[in-house]
Amino acid sequence: MATDWSTCGVCENLQITKQSVVWCSECDEGLCGECKNHHAVSKASRSHETVSIAEYKKLPTEVLQIAQTCKLHNEKYELFCRKHDCPCCKKCLKSHNDCKGLTDIIEIIKNVKSSNAFNEIEQTLLEVVENIKRLSTNRNENLKSLENKKREIEAEIKQTRINVNRHLDKLQDGLIKELMRIEEREKSKREKLLTTLKKKEKEITEVQENIASIKQHASELQTFLTMKDIEKDIAGEEKFIQSITTSNSTNQVNISCQINKSLQQITASVQKFGEINVSSDPCNFSIQKRKDRQAQIMVAPPTRNIENLTLTLEKRINTKLSGVSGCSLLLGDRMVFSSYSDNTIRVLKSDGSKDFEIRNIGKTFDVVFIGDDSIAVTSGYIYQINIIDLKKHKLKKSINVGSYNYGVVYKDGHLIYCAGEKGLQMISPNNETITNVTCVTNTKLPGWAYVTTFGDKLFYTNYNNHSVTCCDYHGNILWTFCNKSVLLSPVGISVDNDGNVFVVGGDTNNVVVISSDGQRYRQLLSSEDGLKYPSALHYDTSTNKLLVANTSNDAFFV
């Protein structure tokens, strides 16, 4: 730690010892009550943010120990060397003469807590914990199947034993003991793995708690430097999970028994009651992974300016549907479309040919991929959301939500959907718990309203008043875009990796991109590109591809 946070740094310079009550990360020192007041009005420091010492002490020890001044020259860090991956003061320049990647550290750490890189760490931690939980569930299911199969085999053995002579008792007992021994051995292996997974989950949870504390109270520099260590830890945990899934420890172990047919003839030549066989099938468990990350310096990447955005039409697809109200890109460039008028869900292959379709689930409005080879489908004015299994091509379950449900987006294990007069609502497909989204609980949304998310922001369209609204989860409207000269009847909405908002203009026959701050806009596609009453679109952040669908027939992959 660069400075003692328990005493006031200003008073200490005056040879006075006073307890600090707040900490200023910009000044890198604690302040007593009197100095705090002066600090708040001084021209040089009144823009600095302070945090109470009690809250500052809650930061992880490794964060508190991060020095914000150069250990060699005792001067404040002003530069960051990309080549050596380290912060530097001005005096350090002598040892970095040949380094071309020197950058002003203020520019690098600016908005680091809201950067895509920091958000990526938070999302990856959630992903790792989710994978651990799914692994645990998978192994528990295998344990249950072993126990169930054991009971079946034991019953079969005993039933067969009833029909044979008593002289086979010894063989019977030996076979049951072998069954017990093998089942116990395989059970022990899986319980050991479950114990390890539980320990890993606890460790990751602690890191998540630290992340929340860092995000609230650590300085930008502390946050930046801590992120690098956390990234390394995450990489290790991901390798750990990968090693488990590729090892024999996740193979689906089965036990079975073959009863000797000669027992039915009750011959004295029978030497064994049967055999217990252990087979191991490859586990069908797949890790949920946001993307394959390469080693890179954790700095906030530059955001794309909407003026530089270009769209190139890759293919034009005939959906052969009318009343298209939702679309989404799936793994392998497959596409799924929902038709409100045809009550159809149609999945197309990457070349535009039909993969399969479902017609027997009632009304279908919007559609979104939710992982685990499943999609969620809203139903408009029908009070239910359907979950469809993409592998089995059938309805997995229906959830009664007690309200209208139009546009929908999936985030962190929850569906957020436009609920008509109830505004925006959120539901977990697993436990089916419904909660109101704070920012629009008192806002009535019309039919054909769509929603999407980016970080801690929500974006939704209002078809009736031709607006796009951005708000946070605390009830604060951040901005509203309404320009009838360029965007009429906005419907489908999606966001790219930089927070740029793509919106379909249903009556202006176009796709408009709005900057993340709502201040700038630009038309990207129009009727000249083939748009005719477009209704839905989806931006895939993992491939940077955009899918746009007209209400009838044509869709565009760009």
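Here are a few things to note about the model shown:
- Scan of segment 378-409 for residues that are touching a residue at least 40 places away in the same chain (Cβ under 8 Å) and of a type in the set (A, V, I, L, M), ordered by number: ILE385, ILE387, ILE388, LEU390, VAL408, VAL409
- Of the residues SER95, SER52, SER47, SER115, the single one that is touching a Cys at 6+ places or on another chain (Cβ under 9 Å) and either under 30 Å from ASP456 (Cα atoms) or modelled with pLDDT of 80 or more (or both) is SER95.
- Enumeration of residues in segment 362-414 that are more than 25 Å from VAL468 (Cβ to Cβ) and among the hydroxyl-bearing types (Ser, Thr, Tyr): SER374, TYR383, SER398
- Counting only strands (runs of 3 or more DSSP E) that sit wholly inside segment 332-446, those with at least 2 residues that are of a type in the set (D, E, K, R), open to solvent by 50 Å² or more (accessible area, probe 1.4 Å) and assigned by the TED database to the domain that holds ASN318 are 354-358, 394-400.
- Residue in segment 448-460 that is under 14 Å from GLY518 (Cβ atoms) and more than 24 Å from the chain's Cα centre (by Cα) present: no
- Residues in segment 541-558 that are open to solvent by 20 Å² or more (accessible area, probe 1.4 Å) and within 25 Å of ASN462 (Cβ to Cβ): THR541, THR551, SER552.
- When we screen LYS177, LYS192, LYS200 for residues that are in contact (Cβ under 8 Å) with a residue 60 or more places away in the chain, assigned to a helix (DSSP H, G or I), open to solvent by 20 Å² or more (accessible area, probe 1.4 Å) and more than 20 Å from LYS58 (Cβ to Cβ), the only hit is LYS200.
- Hey, LYS144 at negative phi, surrounded by fewer than 13 Cβ atoms within 10 Å (Cβ to Cβ) and either assigned by the TED database to the domain that holds LEU221 or in contact with a His (Cβ under 9 Å, 6 or more places away or on another chain) (or both) or not: yes
- Exactly one residue out of THR7, THR17, THR69 is in contact with a strand residue (DSSP E or B) (Cβ under 7 Å, 6 or more places away or on another chain) and free of Cβ contacts under 8 Å to residues at least 12 places away in the same chain, and it is THR17.
- For beta carbons closer than 7 Å, sequence separation of 6+ or different chains, a first residue in segment 271-285 that is at negative phi and a second that is modelled with pLDDT under 70 and not hydroxyl-bearing (Ser, Thr, Tyr), the qualifying pairs are PHE273/LEU168.
- The test for being assigned by the TED database to the domain that holds VAL409, acidic (Asp, Glu) and buried (at least 17 other Cβ atoms within 10 Å of the Cβ) does not hold for ASP517.
- Inside segment 460-514, residues that are open to solvent by 20 Å² or more (accessible area, probe 1.4 Å), over 18 Å from VAL409 (Cβ atoms) and part of a strand (DSSP E or B) make up a count of 3.
- All positions within segment 11-38 that are over 19 Å from ALA218 (Cα atoms) and not polar (S, T, N, Q): CYS11, GLU12, LEU14, ILE16, LYS18, CYS32, GLY33, GLU34, CYS35, HIS38
- Flag if SER249 is surrounded by 13 or more Cβ atoms within 10 Å (Cβ to Cβ) and either among the hydroxyl-bearing types (Ser, Thr, Tyr) or not in a helix (DSSP H, G or I) (or both): yes
- Checked across segment 108-118, the condition of being farther than 30 Å from SER542 by Cα and surrounded by 13 or more Cβ atoms within 10 Å (Cβ to Cβ) holds for no residue.
- Sole residue being more than 13 Å from LEU221 (Cβ to Cβ) and charged (D, E, K, R), chosen from GLU78, GLU49: GLU49
The values are calculated or read from the model by the stated rules, or taken from the named source; none is laboratory data. Everything numeric in this text was worked out from a predicted model, so none of it was measured. Heads up, the Cβs are rebuilt from the backbone with ideal geometry, glycines too, and the neighbour counts pull from every protein chain shown. Just so you know, the surface numbers come from the protein's heavy atoms only, side chains and all, with ligands and any DNA or RNA stripped out. Shrake-Rupley method; radii C 1.70, N 1.55, O 1.52, S 1.80 Å.
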